Amino acid sequence: FDADGATSTALALSALKSMGAKHVDYLVPNRFEFGYGLTPGIVAMAEKMGPKLIITVDNGISNLEGVDAANAAGIDVIITDHHLPGELLPQAYAIVNPNQANDSFPSKSIAGVGVIFYLMLALRRHLANSDWFVKNSLPEPNMGQFLDLVALGTVADVVALDQNNRILVKQGLAKIKQGLARPGINALIKVAGREATRLKESDLGYAIAPRLNAAGRLQDMALGIECLLADNDFTAQKLAQQLDELNKERRVIETQMKEQALSNINSLMNKIEKGGQLPVALCLMDLSWHQGVIGILAGRLKERYYRPTIIFAQVSEKELKGSARSVSSLNIRDLLAAVDRDNPGLINKFGGHAMAAGLSIHPAAFGDFQAAFLRETEKYLDLSACVGKLLTDGALAYDDFTLQTALLLQESGPWGQQFPEPCFDNVFEILDQKLVGQNHLKLTFLLPNSDKILDGIAFNVDRATWPNHRIKEAHVAYRLDVNFYQGRSRLQLMVEALNPIV
């Protein structure tokens, strides 16, 4: 249902076909109708296609009933997943998941696309050792051709960039920058307004993946998979354009939902005495909100207010679906389990991990759940902890503000989750500030007591504060970046935090 699943599916199909598989297809059920994972309803859909084997990608480790249904229908199931297993495992033919107990695979943070990549790698080795390719007059496929998919899915799923994941991402990015990516990825890069030769890992996460994810959020991820499977530039570009349009629609929906949510929060603050302090957790619902975007909204509000957030959308007259995001100090899955334990029947179902979870409740139970969620959160989290923290490597000296330093940092990547790109902080004079786009602030800085003038860009600023031409100085946290424009490369500061000094 997301970029990890889409790249996993495209990789599995492409790899199997390259090894000589004749009868291989994929199935992406509508998650709004069937929910997540290999459910009995999805097995019933798959059964119509007459398969002897179902391979799951990026899901399946918790689908006990779905696997039982497949077994009853005489269909073997191989589960490939990277999510944490529960106490009971499905009775599958085989399970490939590095997070199983006693599994020796060293990279526990690998994404779903990485799991299926290593399975296909092992299959190729097995087939080569049994002379399959020689006997069938087939060329032995070079598995490096799939690393563009592995890089995209790994970055998109925001898994920790341990040593293994960094290698996969770096090699995949190198293929893309060399012009060796598949037509679908090249087309997505083009519609995103990026250049393949200058692509960075952040472009995969913030420009390419959202266009793939838009299909799964608003319609059906099959559109994204077909784009990744396209074997020519014309078809790929046509599909990428459709994904780009869906992403624009997703942005509009997200913006509307965010404005409504902020309005609800402002109303809440007005009702609260003692300075309008927000509660230690946020739980919001609107009947007009789209269930495909509630996870994004929950994440945006969590990042803005630094507290656990659950956003609900109505699925039917009998069900609200919620998406939860948490702060690092609070395990949201365990908290929901505690709410469920102390309030039997309040939650229909729930599941997830420490930082993200999903649940469903009856619409009439929203008020009671909201109160129970807040009570439980207050046991573990104090309002004093609901503040953002940004770690930096300190101030840069005059001589370090160079294009060469920025290029050196880029070459030292890939950067990402749990392997963050270096961030610095300095006090600057503000020479100029203006809005570009809708919410982005273009800045010109001067390093005090010097002649060093620097360009900066701050994305998604609070327009109630910026631009403000009365502010002449600010404490700025930033990353060094290279701005390539009209054939010229210039140093640019990517602003992470901008605190006025008055």
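The values are calculated or read from the model by the stated rules, or taken from the named source; none is laboratory data. Only a predicted model underlies this, so the values are computations on that prediction, with no experimental measurement involved. No Cβ is skipped: glycine too gets one built from the backbone with ideal geometry, and neighbour counts run over all protein chains shown. What goes into the accessible areas is simple: the full protein's heavy atoms, side chains included, and nothing from ligands, DNA or RNA. Shrake-Rupley method; radii C 1.70, N 1.55, O 1.52, S 1.80 Å.
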(message) Within region 422-458, name every residue whose backbone N is under 15 Å away from a label modeled 7 Å from Cα of GLU473 along the Cβ vector.
(response) 426-431, 446-450
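Size of the dipole of the chain about the Cα centre, Lys and Arg at +1 and Asp and Glu at -1 on the beta carbon, nothing else charged, in debye to 20? Don't jump to the answer; show the numbers that get you there.
Details: 49 positive and 55 negative charges, 139 e Å.
In debye, rounded to 20, the chain gives about 660.
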(request) Within 10 Å, count the other beta carbons around each residue, average over each peptide in 136-142, 240-246, 70-76, and list them highest first. (result) 240-246, 70-76, 136-142
(request) Label region 243-390 by shape, choosing from rounded, prolate and oblate, from the square roots a ≥ b ≥ c of the eigenvalues of the Cα gyration tensor; if a/c is under 1.5 it is rounded, and otherwise prolate applies when a/b is larger than b/c, oblate when it is not. (result) rounded
(message) Just want to confirm a number: the relative contact order over region 143-243, from Cα pairs under 8 angstrom separated by 6+ residues, in percent.
(response) 29 percent
(request) Report the one residue of PHE312, GLY322, ALA298 whose Cα lies farthest in the direction of the positive end of the charge dipole of region 298-355 (charges on C-beta: Lys and Arg +1, Asp and Glu -1; origin at the Cα centre). (result) ALA298
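Can you divide the C-alpha Rg of region 1-150 by 2.2 N^0.38 Å and report the result to two decimal places? Walk me through the numbers before you get to the answer.
Details: Rg = 15.4 Å, N = 150, 2.2 N^0.38 = 14.8 Å.
The reported ratio for this selection is 1.04.
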(message) Please report the accessible area of SER384 (heavy atoms, 1.4 Å probe, ligands and nucleic acids excluded) in Å², nearest 10.
(response) 90 Å²
(request) For region 74-209, give the magnitude of the charge dipole about the Cα centre (Cβ charges: +1 Lys/Arg, -1 Asp/Glu; no others), in debye to the nearest 20. (result) 620 debye
(request) Scan around GLU496 for amide H atoms under 5 Å from its own, H built in the peptide plane at 1.01 Å from N, and keep only partners 5 or more places away or cross-chain. (result) ALA477, TYR478, ARG479
(request) At 7 Å along the Cα-to-beta-carbon direction for both ASN71 and ASP334, put a label point, then send me their distance in nm to one decimal. (result) 3.1 nm
(message) Taking θ = phi - 60°, what integer Hz values does the Karplus form 6.51 cos²θ - 1.76 cosθ + 1.60 yield along region 365-373, in sequence order, with x for Gly and Pro?
(response) 8, 4, x, 5, 5, 4, 5, 5, 4
(request) Just order 126-133, 374-381 by mean Cβ neighbour count inside 10 Å, highest at the front, would you? (result) 374-381, 126-133
(message) Given R₀ = 22 Å, what would the calculated FRET efficiency be for ASN264 paired with ALA364, taking r from the Cβ atoms and rounding to 0.05?
(response) 0.70
(message) Give me, ordered by chain and number, the residues 5 or more places off GLU421 or on other chains with an amide H under 5 Å from its own placed amide H.
(response) GLY416
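Given the DSSP H assignment, sum -39500 (n - 2.57) over each helix run of at least 4 residues in the chain and divide by its residue total; what's the result at 222 nm in deg cm²/dmol, nearest 500? Write down the numbers at each step before the final one.
On the way: 17 runs with 199 residues, N = 502.
Rounded to the nearest 500, it is -12000 deg cm²/dmol.
Nearest 5 percent is fine: what portion of the DSSP beta bridges confined to the chain is antiparallel? The partial results should precede the final answer.
On the way: 49 of 65 bridges.
For the chain, the DSSP antiparallel bridge percentage is about 75.
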(request) Determine, for each peptide in 4-16, 460-472, the mean count of other beta carbons within 10 angstrom over its residues, then list the peptides with the highest first. (result) 4-16, 460-472
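Rank these by accessible area, largest first, 1.4 Å probe: LYS52, LYS170.
Numbers: LYS52 170, LYS170 95 Å².
Final ranking, largest accessible area leading: LYS52, LYS170.
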(request) Search the structure for amide H atoms under 5 Å from the amide H of MET285, placed 1.01 Å from N in the peptide plane, and list their residues when 5 or more places away or on another chain. (result) PHE312
(request) Determine which aspartates and glutamates satisfy two conditions relative to LYS442: a Cα distance under 19 Å, and not lying fewer than 8 residues away in the same chain. (result) ASP425, GLU429, ASP432, ASP455, ASP462, GLU473, ASP481, GLU496
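Quick one: compute the contact order of region 276-406, relative version, from alpha carbon pairs under 8 angstrom and 6+ residues apart, as a percent.
Normalised by residue count, the contact order of region 276-406 is 23 percent.
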(request) Over region 30-113, give the accessible area per residue in Å² for a 1.4 Å probe, as an integer. (result) 52 Å²
(request) Using +1 at the Cβ of each Lys and Arg and -1 at the Cβ of each Asp and Glu in the chain, identify which of SER202, ALA160, GLY487 lies farthest towards the dipole's positive end. (result) GLY487
(message) Output wanted: per-residue J couplings in Hz (rounded whole) for region 134-151, from phi through Karplus 6.51 cos²θ - 1.76 cosθ + 1.60, θ = phi - 60°, x for Gly and Pro.
(response) 5, 5, 9, 6, 10, x, 6, x, 7, 5, x, 5, 9, 6, 5, 5, 5, 4
(message) Could you tell me which residue out of PRO448, PRO85, ALA70 lies farthest along the dipole of the chain toward its positive end? Charges go on the beta carbon: Lys and Arg +1, Asp and Glu -1, centred on the Cα centre.
(response) PRO448
(request) Note down the nm distance, to one decimal, between modelled labels 7 Å out along Cα→Cβ at ALA354 and at LEU407. (result) 4.0 nm
(request) With label points built 7 Å along Cα→Cβ from the Cα atoms of THR465 and TYR206, find their separation and express it in nm. (result) 1.8 nm
(message) Using the Karplus curve 6.51 cos²θ - 1.76 cosθ + 1.60 with θ = phi - 60°, what ³J(HN,Hα) values do you get for each residue of region 377-386, in whole Hz, with x for Gly and Pro?
(response) 5, 5, 6, 10, 10, 9, 4, 5, 8, 8
